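The values are calculated or read from the model by the stated rules, or taken from the named source; none is laboratory data. Because the structure is predicted, anything quoted here is derived from the model rather than measured. Virtual Cβ from ideal backbone geometry, glycine too; neighbours counted across all protein chains shown. Heavy atoms of the whole protein, side chains included, go into the accessibility calculation; ligands, DNA and RNA do not. Shrake-Rupley method; radii C 1.70, N 1.55, O 1.52, S 1.80 Å.
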Amino acid sequence: MQTTNKQPARYHLTLKSGNVKTGPIPVSTSAASTCPDACPLKAKGCYASAGGPLAIHWRKVSEQGRGDDWKTFVSRISALPDGQLWRHNQAGDLPGENNSVEVSMLAQLMDANAGKRGWTYTHKPVSGDGNVETCNRAAVRDANERGFTVNLSADNLSEADELKSTDCGPVVVVLPMDSPLAMTTPNGHKVVVCPAQRPGSVATCATCGLCQRQRSVIVGFLAHGTQARAASTIAKN
């Protein structure tokens with residue numbers, strides 16, 4: 001999703017998700033301006049911008065028609081019950097425009113998450129020696145150490161190895177649609193397909209919680225949604 005809106009990003013919290021794969025837990029949505037150009041799915045392949053209710057909702061948040069300012073959003077997270085499992089960003093990325101993580105905002109979210117079980121995913125760049133990558137890596141490591149799980153999103157198995165080597169958070173990876181349910185990366189790291197995508201599974205994020213855990217195993221997501229073929233092509237490269 002592209003947006004020309006230069007106003008401060010908006011953030012929306014849904015207290016009970018209606019998504020059958022997520023289950024009835026709180027989920028948030030961040031404006032599209034938080035999505036990094038570093039993500040190859042940004043142009044084509046992102047499930048969240050592929051149409052349907054989520055795409056409509058995300059556009060409204062991104063165009064200031066729905067959601068809260070950051071301070072209000074963080075207060076709503078803080079008000080969640082202790083022990084609550086919740087997903088940050090069914091669409092969008094960590095606070096900060098484009099490739100950069102806004103460190104102070106992420107720290108405020110960590111504070112709000114204290115006692116809760118929040119998790120999210122990021123395509124913000126963390127691998128490399130540039131200033132942006134170095135700052136992002138430190139911020140993500142701090143979040144994971146303080147109990148807010150930030151999964152590093154890879155777009156193929158080789159990139160999963162690269163992100164794994166940063167040692168700043170657990171890793172997830174997009175997989176081609178025809179992938180097996182378990183495999184290893186080129187460097188030998190174990191990959192397991194998301195339990196909710198296994199044949200006959202009734203698992204949801206609410207009942208699984210694997211992505212919220214600090215773990216060594218890499219979680220793989222089979223390319224899905226109306227742009228699954230585009231995402232699958234990227235995952236095969």
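Computed values, structure above
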{"item": "Single match in GLN90, GLN84 (criterion: touching a strand residue (DSSP E or B) at 6+ places or on another chain (Cβ under 8 Å), open to solvent by less than 40 Å² (accessible area, probe 1.4 Å) and either under 22 Å from THR166 (Cα atoms) or of a type in the set (S, T, N, Q) (or both))", "result": "GLN90"}
{"item": "Subset tally (residues that are of a type in the set (A, V, I, L, M, F, W, C), over 15 Å from the mean Cα position of the chain (by Cα) and assigned to a helix (DSSP H, G or I)) for the range 40-59", "result": "2"}
{"item": "Residue satisfying all of: in the range 199-237; at pLDDT below 95 and charged (D, E, K, R); farthest from LYS44 (Cα to Cα) among these", "result": "LYS236"}
{"item": "Matching residues, the range 47-58, being touching a helix residue (DSSP H, G or I) at 6+ places or on another chain (Cβ under 8 Å) and either open to solvent by less than 60 Å² (accessible area, probe 1.4 Å) or modelled with pLDDT of 85 or more (or both)", "result": "ALA48, SER49, LEU54, ALA55, TRP58"}
{"item": "Pick from the range 29-46, criterion touching a Lys or Arg at 6+ places or on another chain (Cβ under 9 Å), among the hydrophobic types (A, V, I, L, M, F, W, C) and open to solvent by less than 40 Å² (accessible area, probe 1.4 Å), ranking: nearest to GLU97 (Cα to Cα)", "result": "CYS35"}
{"item": "VAL174, sole failed condition from (1) β-branched (Val, Ile, Thr); (2) open to solvent by less than 10 Å² (accessible area, probe 1.4 Å); (3) in contact with a helix residue (DSSP H, G or I) (Cβ under 6 Å, 6 or more places away or on another chain)", "result": "(2)"}
